[in-house]
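The values are calculated or read from the model by the stated rules, or taken from the named source; none is laboratory data. This one's a predicted model, so the numbers in the text were calculated from it and none came from an experiment. FYI the Cβ positions are ideal-geometry reconstructions off the backbone, even for glycines, and counts take in every protein chain you see. Please note that ligands, DNA and RNA were not included when accessible areas were found on the heavy atoms of the full protein model with its side chains. Shrake-Rupley method; radii C 1.70, N 1.55, O 1.52, S 1.80 Å.
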Amino acid sequence: MEIINGLGRRKTSVARVYVKQGKGAISINNKDYKDYFPVQHIQGKVIEPLSTVDVLNLYDIKVNVKGGGVKGQAEAVRLGIARALCKINEEFREPLKAAKLMSRDPRSVERKKYGKPKARKSFQFSKR
């Protein structure tokens, strides 16, 4: 099997995912995913697409991720893995879509507007 790639984005994070046949090793930016994301619930987000379709120990995954914060990066990796798995086997699409792993979350930070301290916050109103 050749190397299959997938792209995942979330907020300002971009993850390029490369999947090939292997033993189940996941490396993110040349580190093990448990070292790169030390928090337990964020590690769960990374392996969620693999556990959804029961292929945890079948593929080696190499990820390059940049931009954003920890949670945005983890969710970008999750989307990239899900998209790569769909390229490998089209039957994985239904369970991944049912678990809401195939859609990109469009929410991002709204820009600051002039005359306001933040995007929507206003200065305190004074009648007198």
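Just checking, which of 42, 28, 47, 3 is aliphatic (A, V, I, L, M) and loosely packed, with under 12 Cβ neighbours inside 10 Å? Spell out the reasoning first.
Details: 42 fails: loosely packed, with under 12 Cβ neighbours inside 10 Å; 28 fails: loosely packed, with under 12 Cβ neighbours inside 10 Å; 47 fails: loosely packed, with under 12 Cβ neighbours inside 10 Å.
Step by step, each of 42, 28, 47, 3 is checked, and only 3 is aliphatic (A, V, I, L, M) and loosely packed, with under 12 Cβ neighbours inside 10 Å.
Quick check, is residue 55 out of contact with any Lys or Arg (no Cβ under 8 Å at 6 or more places or on another chain), touching a residue at least 24 places away in the same chain (Cβ under 8 Å) and open to solvent by less than 30 Å² (accessible area, probe 1.4 Å)?
Values: out of contact with any Lys or Arg (no Cβ under 8 Å at 6 or more places or on another chain): yes; touching a residue at least 24 places away in the same chain (Cβ under 8 Å): yes; open to solvent by less than 30 Å² (accessible area, probe 1.4 Å): yes.
The answer is yes for residue 55.
Just to be sure before I move on: is residue 61 hydrophobic (A, V, I, L, M, F, W, C) and part of a helix (DSSP H, G or I) in the structure I sent?
The answer is no for residue 61.
Would you mind finding the one in 121, 112, 97, 116 that is outside any strand (DSSP E or B), touching a Lys or Arg at 6+ places or on another chain (Cβ under 9 Å), free of Cβ contacts under 8 Å to residues at least 24 places away in the same chain and surrounded by fewer than 17 Cβ atoms within 10 Å (Cβ to Cβ)?
None of the other options fit; the residue is 112.
Residues are listed down the side, and each one gets a yes or a no for (1) among the polar types (S, T, N, Q); (2) within 11 Å of the chain's Cα centre (by Cα); (3) at pLDDT below 95:
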| site | (1), (2), (3) |
| --- | --- |
| 9 | no, yes, no |
| 18 | no, no, no |
| 21 | yes, no, yes |
| 29 | yes, no, no |
